[in-house]
Structure formats: structure tokens, C-alpha cells
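A.B. asks: Handing you this structure, nothing more for now.
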Amino acid sequence: MVCRYGDDLKLMIEEVRQYTKEGKVADYIPAISLANKSDVAVAIYDGNDTCFSEGNSNQLFTLQSISKVLTLALALMDHGEEIVFSKVGMEPTGDPFNSIAKLETQVPSKPLNPMINAGALAVSSLIKGSSNDEKLDRLLSFVRELSGNPSISFNKDVAKSEYDTADLNRALLYFMKQHGVISDDIEELLDFYTKQCAIEVNCEDLAKIGYALAHQGEHPDKNYSIVPTEIARLVKTFMVTCGMYNASGEFAIRVGIPAKSGVSGGIVGAVPGSIGIGIYGPALDEKGNSIAGMKLLQLLSAKYRLSIF
Ligand code: GLN
């Protein structure tokens, strides 16, 4: 298929693959540590078809923190801004994604934003449903709709592997329960959260999700709205200010695209009014972002002038 991205993607993938040697696959979730460190893939969706994917683009991987963007949108659709932001703030942190430090110093003790683990756990507690199965079904339907892929599901092994080892997230949950941010049963909420993080996609799915967010929450192929415009705007703003954890400032300067990463090595990018980008590269830098993916986005942004600033 003819596309203006031409052979560039192939060259860019080969250029950035060398950086995977310097990265590390996340090992605190045992099932993720099995990923192939040298994998790199990209897909770009421009609304006509997935006209470009290069590299290991059929590789499935789990959303991990990318799911935080989607649960935030769903929680906002379920409850509105007032309730959601009574539980979670709007400010970036300079701390790692799983840090507990700011929970202790913030008064009242609420997580600073929905893109760090504490904030995402609080948001997950807001997803409507009478059981975890119902909540997960609602979230999966939402992700299937946003990606246009009805076969998306979650990886049970990855979910269990994280659930069995998630004591840091348990600690965040106990802290928040003590301070009245959540009132849920902790194991139940962690069960839902680890399944949400284990939703499995490939780069093309991510590119379509990015495209939907880039286009005010419109379905990637059909002509109807999945996410209200105002919520799509709000979510993209969080992606700019907090989407790459404590690398968000540098990312805004070097790349300038609303984006969200996960420790499995995925990154979703949403260029407002334009393309959606899906990236996979499980070798991570020291802040937990895909090392080759960050470089690739930098190259793409420079070449096609994608920065929103
Ligand atoms: N499931 C992961 C966790 O809670 C998500 C973290 C991430 O992708 N940064 O630790």
C-alpha cells in the first residue's frame, strides 16, 4: 500500500534496534521478563487502513500502564470529573511510577495523578460493575471498540504472575485504604488491576487506539463517537504531562506527542487530528520506558514534524 511514510520506518527501526542492547526487560513481573529484548516494532494508523507496520509488529504484548489511559477515560465516562478528581489529582510527579513517597507527603493523601500506579489503582476502583468479571468485560468491550479489534482479551499468565508478586501495589492500596481514598477489598481490586494491565494487543491495535484518541474519541473505522470529546481532550493532556512517568518533561521537549508507555515496552501515541502510533520494544530504559521506542518516536516526530508544540 502506498503511504507517505514510505521506507522510512524500516530504516528507523534498524537505526534504533541497537539501543535495545542498553535496555533491560522488566523483571519484577516474571511473565514479562520472558520477552525478547531485541524486538522493536511500530505501526502508524492514518484513518484509511493500518498503512504501516514494521519490525516485530505481530508480536502480542500486554498494555500494562497504557491501560491507565483507558481506565481513566472509562471512569470519567462512568462518573464524571468531579467524582474522579476527588480521588486522584492532576499534577505530574518527579517520582518513579510505583513510588509511595508522595502519598505520604500529600495532604489530603490522594495520588497525584492517574498515570502513576497509586492513581491508576484509585481509578480502577471507580470502574462500574457488580463483579470483577463485569468490570473487565466492560473494559474489554471499550478497548475492542477503540482498537476496532473484537478479539482482544487479557493474558491470564501475565495477570497471575503480576498478582502473585504485586506487594508494592498492595502496599499502595493499603495506604490508600487507610486514608479513605479507596474502600474496596484490596485483593479484589488488585485482581481487577492486574487483569486490566494484562490486556493483550499488538502495535496495530495500539495505533488504532491512539488514532481514536487523536480524533476526539471517534471510532477508528466507523463514524461515531466512543469517548466524549472533552474526555478525549483531558486524557491526552494527562498523556502529555504524565504519560512517560518521570521522563514526561524531556519527552515533551524531544518528541512532543501525547503518549503513554507501559513496562511491557508498549507506547501509544496520539497526534491530535492526525495519526495514531503504536510502538513495541520490551528493552526499557532506567525510567521504565521502551529505550528503542523513545528513540523511534524522536525520529518520527522530527521527520514528520509531529510535535504539538
Ligand atoms: N502492571 C504494572 C505495575 O503496576 C504497570 C506498571 C507500568 O507499566 N509502568 O507495576
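A.B. asks: Simple spin-label model, 7 Å along Cα-to-Cβ: THR229 to ASP185 in nm?
C.D. replies: So the label points at THR229 and ASP185 sit 4.3 nm apart.
A.B. asks: Take the alpha-carbon centre of region 248-309, take the same for region 70-140, and report the distance between them in whole Å.
C.D. replies: Value for the Cα centre distance between the two parts: 23 Å.
A.B. asks: Identify all lysines with a Cα-Cα distance to LYS177 below 22 Å; exclude those on the same chain that are fewer than 8 residues away in sequence.
C.D. replies: LYS68, LYS87, LYS102, LYS110, LYS128, LYS135, LYS195
A.B. asks: In nm, give the distance between the simple-model label positions of MET90 and THR237, each being 7 Å from the Cα along the Cα-to-Cβ direction.
C.D. replies: 0.5
A.B. asks: Take the alpha-carbon centre of region 3-66, take the same for region 146-187, and report the distance between them in whole Å.
C.D. replies: First find each Cα centre; the distance between them is then 25 Å.
A.B. asks: Accessible area per residue, 1.4 Å probe, Å², for the chain: what's the number?
C.D. replies: Roughly 41 Å² per residue, with all protein chains present.
A.B. asks: Which three extents, in angstrom, do the Cα atoms of the chain have along their principal axes, listed largest first?
C.D. replies: Principal-axis extents of the chain (Cα, largest first): 55, 43, 36 Å.
A.B. asks: Would you calculate the separation in nanometres between label points at SER130 and LEU168, each defined as 7 Å from the Cα along the Cα-to-beta-carbon direction?
C.D. replies: The answer from the label model is 3.8 nm.
A.B. asks: Using Cα pairs closer than 8 Å and at least 6 residues apart in sequence, work out the relative contact order for the chain, in percent.
C.D. replies: Details: 668 pairs, mean separation 82.9, N = 309.
So the answer I get is 27 percent.
A.B. asks: Return the aspartates and glutamates within reach of LYS10: Cα separation strictly under 12 angstrom, same-chain partners fewer than 8 residues apart disregarded; answer none if there are no such residues.
C.D. replies: GLU54
A.B. asks: Over the Cα atoms, compute the radius of gyration (one decimal) and Dmax (the largest Cα-Cα distance, rounded to a whole number) for region 150-210, in Å.
C.D. replies: Considering region 150-210 through its Cα atoms, Rg and Dmax are 14.1, 41 Å.
A.B. asks: So what is the relative contact order of region 79-223, in percent, for Cα pairs below 8 Å that sit 6 or more residues apart? Kindly include the intermediate steps, with their values, before the conclusion.
C.D. replies: Details: 165 pairs, mean separation 37.0, N = 145.
Averaging sequence separation for qualifying contacts and normalising by length gives 26 percent for region 79-223.
The values are calculated or read from the model by the stated rules, or taken from the named source; none is laboratory data. Since this is a predicted model, take the numbers as computed values, not measurements. Note that we place each Cβ from the backbone using ideal geometry, even for glycine, and neighbour counts take in every protein chain shown. For the accessible areas, the whole protein counts, side chains as well, though only heavy atoms, and no ligand, DNA or RNA atoms are used. Shrake-Rupley method; radii C 1.70, N 1.55, O 1.52, S 1.80 Å.
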